């Protein structure tokens, strides 16, 4: 799961940089919060 998340992050980085340059923001904090919650659930089990 970690490797997939890292790969997706690397692949989306250029998209995020271009979007930021043209002034479009993404609510990535929601995604990161969900990812952290999922990670916490899997490590507790």
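Couple of notes before you dig in:
- The label point for residue 12 and the one for residue 38, both projected 7 Å from the Cα toward the Cβ, are 1.0 nm apart.
- Helix 28-44 axis, angle to the chain major axis (alpha carbon atoms, nearest 10°): 20
- For semi-axes √(5λ) of the Cα gyration tensor in Å, the value computed from the atomic coordinates appears in the list (1) 26, 13, 4; (2) 20, 14, 7; (3) 22, 11, 6 under label (1).
- For a label point 7 Å along the Cα-to-beta-carbon line of residue 2, residues of segment 27-42 with backbone N under 20 Å: 32-42
- Cα-based helix-to-principal-axis angle, 2-22 vs the chain, degrees rounded to 10: 20
- Helix-only CD estimate at 222 nm, as mean residue ellipticity for the chain, using -39500 (n - 2.57) per DSSP H run (n ≥ 4): -29000 deg cm²/dmol
Read-outs: derived from the displayed coordinates by stated rules, not from any lab. Bear in mind the structure is a predicted one, so any value in this text is a computation, not a measurement. Because the Cβ atoms are built from the backbone with ideal geometry, glycine has one as well, and the counts that use them run over all protein chains shown.
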